Amino acid sequence: LVLCLYGVFNHLAAPLRASAAQALARVNGGTLIVTARSVGSLPTIYVAGIEQAAHYVQDNDADRMEVDLADGTHLAFDSHLFRARELAALFSPHCPVRELTGLDLFHSRFAYNPAWNPAGANGAETAERLARLEQLCAADEVLIDSAAHIMLVAEPHL
């Protein structure tokens, strides 16, 4: 089992992505699982909660994230948001992609927040419906790019 999770791939510089995908596929003797932030995900600054940012810009064309934290700290780092087909294209030359799934299409957008939602909002019935929607829509070719993360599952070449 080889894992590359939570957005590690998002922070690789563009020239390194293809060789990293090839290396992960090469060492994979079983199942390879990669997750990456998608182009339609909710904003993140990766290094702290979004509420701690005074200003931030994700420039996907330049593969760069610029963050000014509320305490005056300025950060700049590699950051690229993926489309499902783009992630699959990196890995498919090196290993058969078995599955592409969107993770968290609905939950984070509709989750109960006690600091925001009135008491009783988004209860058990809402959670159950959201779980059904996730199951139905996770692999939809249009909706997958709006998930929080895209999960790629691949097998080794035999």
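Inspect segment 28-39 for any residue being over 18 Å from the mean Cα position of the chain (by Cα), within 17 Å of Glu141 (Cβ to Cβ) and open to solvent by 30 Å² or more (accessible area, probe 1.4 Å) and give the result as yes or no.
No, segment 28-39 contains no residue that is over 18 Å from the mean Cα position of the chain (by Cα), within 17 Å of Glu141 (Cβ to Cβ) and open to solvent by 30 Å² or more (accessible area, probe 1.4 Å).
Remark: pairs (first residue in segment 47-59, over 19 Å from His11 (Cα atoms); second residue open to solvent by 60 Å² or more (accessible area, probe 1.4 Å) and at pLDDT 95 or above; Cβ separation under 6 Å; 6+ apart in sequence or on different chains) = Gln52/Ala70; Ala54/Ala70. When only residues in segment 41-66 that are in a strand (DSSP E or B) and touching a Pro at 6+ places or on another chain (Cβ under 8 Å) count, which is surrounded by the most Cβ atoms within 10 Å (Cβ to Cβ)? Out of the qualifying residues, it is Gln58.
For segment 88-110, a residue qualifies if it is out of contact with any strand residue (DSSP E or B) (no Cβ under 9 Å at 6 or more places or on another chain) and of a type in the set (A, V, I, L, M, F, W, C), and the qualifying residues are Ala89, Leu105, Phe106, Phe110. Note on segment 67-146: enclosed helices (runs of 4 or more DSSP H) holding 3 or more residues that are open to solvent by 30 Å² or more (accessible area, probe 1.4 Å), within 22 Å of Ile50 (Cβ to Cβ) and at pLDDT below 95 are 107-110.
The values are calculated or read from the model by the stated rules, or taken from the named source; none is laboratory data. The structure displayed is predicted, hence computed values, not measured ones. Methodologically, a virtual Cβ is constructed for each residue, glycine included, from the backbone with ideal geometry; neighbour enumeration extends over all protein chains shown. For the accessible areas, the whole protein counts, side chains as well, though only heavy atoms, and no ligand, DNA or RNA atoms are used. Shrake-Rupley method; radii C 1.70, N 1.55, O 1.52, S 1.80 Å.
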